[in-house]
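For reference, the structure is listed below as structure tokens.
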Amino acid sequence: MWLEKSNKQLDDVKSEKEAVRPASWKSVRMRGLRGLVPIDLIHEYRVWGLHKLEQARKEYEREVGDIAREFGELHCISLALFRAFGNLLDELREFRQSEKLRIRIREETAKAFGIDHPSTLTSMANLASTFGNQGRWLEAEVLEAQIMETRKRVLGQEHPNTLTSIANLASTYRNQAKLKESEELEVQVMETEKRVLGLEHPSTLTSMANLALTFTSQGRWNDAEELFLQVMET
């Protein structure tokens, strides 16, 4: 079965920046998967309803097995597909299977690459997402706090991946009604992005909108309105 551990080593691949988005899943196989990082196709199936998601599940299950056996489970293409398959399982509310898959991938990446490696941190973030999709916010919070602290230490406070992890934790706080903690983190992200990226950068505008949502949850309507207007007018 494709979920069994592979003994293959990590292959050399092109940078994600050089990856080509396939027009369809079949084109990935036709091009031999050289340098490609497959994109999550769930959004293309969702518009057609649940029966299309079930079709996507069968397709992913078949193809991921072939790729994991050929390239090894820890190849970047395999990891991208595991992430996509986990997202699909979450979409289908098959949380038990998604959680089982993501826990195993987290353990395998940590063992192979170490706890500070980007692939390990991504696998932890994927697992946190599955917890959050089930409303298991405290478990998601624990993982996201660990990811944030690791990225601060390894990448620095102003790195985009660090800021993303801070924003993720802030969102999890908001979902638990920990609004003070959420506000503190969102202000931190917003101010950093204003300074580093500029007021008109899409990431800065997103962080402003996130803070406005927290203000709304706090009943601070005027503060929320002011930020929303800034985002809209920019």
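Taken together, the values in this text are just the output of simple stated rules run on the coordinates, not laboratory data. Because the structure is predicted, anything quoted here is derived from the model rather than measured.
Does the range 135-234 classify as rounded, prolate or oblate by the C-alpha gyration tensor (a ≥ b ≥ c root eigenvalues; a/c under 1.5 gives rounded; else a/b over b/c gives prolate, otherwise oblate)?
oblate
Rg/Rh, computed from the Cα trace of the range 121-171 with Rh as the Kirkwood radius, has the value 0.97. Counted residue by residue at 0.36 nm each, then reduced by the alpha carbon distance between them, the extension gain from Ile115 to Gln97 reaches 4.2 nm.
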